[in-house]
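Reading through the structure tokens given below for one structure.
The values are calculated or read from the model by the stated rules, or taken from the named source; none is laboratory data. Just so it is clear, the model here is predicted, and its values are computed rather than measured. Every residue, glycine as well, gets a Cβ built from its backbone with ideal geometry; the counts of neighbours run over all protein chains shown.
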């Protein structure tokens, strides 16, 4: 049938939306993944290079902000060109992929612990797996519902929930960015004041409260959809940069009192009451402000056209960020293997440095391998038979 009344199945699909990569996102997401890996190895001396030891925030904030920015950057273009339905379908499809990755990682993680640690109660207790050993059927069901999670498996469930709730925020952000960000702030305020969170199994609630952490995710999306441009002049002003640097120094001095308790007496009592507790689960505003201060300096000194982004030196880190889901899962598995090595094989600084270096090398190597595989493409293409040819064959 010719003309505009062709059957739906015979119509050509709309052209894909072209997205130009911002390599800064890949660079800093790759950096965040490596830092998360180092932080997940307990008592790892190499983790002293990570953000968490020098301020209130850590690599989690970097990862969630960039995830919000990147998703809005991609799906914002889709919603403008092809509408909300298409964008929502792709967002929910991505949420499904992340969910499957979480379940696969859960199974691999448990198998790894069982293989390496055997019946050692030390590792099962440390990984929060006692309930799984006692009631594996119930624990597995709760894991499928994202309520039961061993240690270090909290980020992907948070990501799943953020993606599930993202379509209405994205729709609002593309129409009224201020209203979209205000809705996120309101949800954060309600969650903090009313103690909203999701239940965990067997007790308690989610370690990363999605009702609170959505603020950082949506803020990243707001920045991607024009907020960063509106803030650029403000963020680059000498006053803001000075304030950001001063806050980073203040946070550094406070964190030093955690590492060196003898310094804690230098913090006035009234200040300690204002500061503590600095709640990671509910994205304390001090953590959020610390991330903003870091971001202000990054925006100032790492522009989008920074020539080092094309350097071979940074290419491996960029590749890690471009395959974040696969590399995150690999990092979780390698972190436990590294922990096992530093406890049961050799408990020295040399072993900690070795497993850290080998883990980073493995993550970079796999990222480069995936990039190479993607670049070669499929050696064949399957297409539908031309209906005219099919009718001619039948004639």
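Here are some notes:
- Tallying residues that are in contact (Cβ under 8 Å) with a residue 40 or more places away in the chain, surrounded by 12 or more Cβ atoms within 10 Å (Cβ to Cβ) and either in contact with a helix residue (DSSP H, G or I) (Cβ under 9 Å, 6 or more places away or on another chain) or closer than 30 Å to residue 79 by Cα (or both) within segment 244-275 yields 7.
- Screening segment 306-395 for helices (runs of 4 or more DSSP H) wholly inside it with 3 or more residues that are surrounded by fewer than 17 Cβ atoms within 10 Å (Cβ to Cβ) and modelled with pLDDT under 95 returns the ranges 349-376, 387-394.
- Look at segment 132-159: where a residue is over 30 Å from residue 221 (Cα atoms) and a partner is not in a helix (DSSP H, G or I), sitting 6+ places away or on another chain with Cβ atoms under 6 Å, you get 139/148; 142/148; 142/201.
Table: residues versus (1) crowded, with 22+ Cβ neighbours inside 10 Å; (2) out of contact with any strand residue (DSSP E or B) (no Cβ under 6 Å at 6 or more places or on another chain); (3) farther than 28 Å from residue 330 by Cβ; (4) modelled with pLDDT of 95 or more.
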| site | (1), (2), (3), (4) |
| --- | --- |
| 17 | no, yes, yes, no |
| 38 | yes, yes, no, yes |
| 50 | no, yes, no, yes |
| 69 | yes, yes, no, yes |
| 81 | no, yes, yes, no |
| 89 | no, yes, yes, yes |
| 104 | no, yes, no, yes |
| 108 | no, yes, no, yes |
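- When each of 181, 141, 170 is tested for being modelled with pLDDT of 95 or more, surrounded by 22 or more Cβ atoms within 10 Å (Cβ to Cβ) and part of a helix (DSSP H, G or I), the lone residue that passes is 170.
- Residue in segment 145-156 that is in contact with a helix residue (DSSP H, G or I) (Cβ under 9 Å, 6 or more places away or on another chain), modelled with pLDDT of 95 or more and part of a helix (DSSP H, G or I) present: yes
Table: residues versus (1) within 30 Å of residue 190 (Cβ to Cβ); (2) touching a helix residue (DSSP H, G or I) at 6+ places or on another chain (Cβ under 8 Å).
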{"residue": "286", "(1), (2)": "yes, yes"}
{"residue": "296", "(1), (2)": "yes, yes"}
{"residue": "314", "(1), (2)": "no, yes"}
{"residue": "322", "(1), (2)": "no, yes"}
{"residue": "376", "(1), (2)": "no, no"}
{"residue": "382", "(1), (2)": "no, no"}
